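Here's the structure we're looking at; comments come further down.
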Amino acid sequence: MTPKRGLITDTYEIVKKARRGGKRDKTPSPPKPEPEPPQLGEREKDLQELKKFDLDWTFGPCTGISRLQRWERAALHGLNPPQEIKEILLKENTDPQYTQSLWCDYPL
């Protein structure tokens with residue numbers, strides 16, 4: 001009969017590890033200040049407002065027509081589109097980023 005063999009862990013001494021998360025004397029560090037969002041220029045603000053206008057379905061669909069045409073159609077139907085949008089569109093009436101909606105590059 002062969003002698004009974006034990007487990008490999010039986011040959012090593014059991015060592016208990018120190019407990020983590022115990023009492024600490026240190027005070028927590030103060031939270032880091034949040035970085036301020038970058039200030040947008042007038043062009044970026046205008047384009048952001050026009051994007052909101054494009055995404056607002058209250059004023060009807062915007063595919064196939066310019067933003068100014070959509071604004072005028074919404075005003076004609078009594079949907080009260082924002083006057084600021086018309087002012088932006090009339091101010092920059094030659095720039096395609098201003099005149100065309102977000103979906104102008106997609107075919108109907």
Determine the sum of side-chain charges near PRO81: Lys and Arg each +1, Asp and Glu each -1, restricted to other residues whose C-beta is under 13 angstrom from that of PRO81.
-> -1
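So between GLN48 and GLU92, what do we pick up on full extension, going 0.36 nm a residue minus the alpha carbon distance?
14.4 nm
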Carbon plus sulfur fraction of accessible area for the chain, probe 1.4 Å, in percent = 54
For the chain, fraction of C-alpha pairs farther apart than 17 Å, in % | 69
Summing +1 per Lys or Arg and -1 per Asp or Glu among the other residues with Cβ less than 12 Å from ARG43's Cβ gives -4
Determine, for the chain, the count of lysine pairs separated by eight or more sequence positions (or lying on different chains) whose alpha-carbon distance falls under 25 Å.
-> 9
Principal axis dimensions, largest first and in whole angstrom, of the stretch 68-108 by Cα | 28, 26, 11
So what is the relative contact order for the chain, in percent, with contacts set as C-alpha pairs under 8 Å and at least six apart?
-> 25
For the chain: accessible area per residue (Å², 1.4 Å) | 94
Sum -39500 (n - 2.57) across every DSSP H segment of at least 4 residues in the chain, then divide by the residue count to get the 222 nm mean residue ellipticity, nearest 500.
-> -10000 deg cm²/dmol
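The values are calculated or read from the model by the stated rules, or taken from the named source; none is laboratory data. Just so it is clear, the structure is predicted and the values come from calculations on it, not from any experiment. Every residue, glycine as well, gets a Cβ built from its backbone with ideal geometry; the counts of neighbours run over all protein chains shown. To get the accessible areas, we keep the full protein, side chains included, count just its heavy atoms, and leave off ligands, DNA and RNA. Shrake-Rupley method; radii C 1.70, N 1.55, O 1.52, S 1.80 Å.
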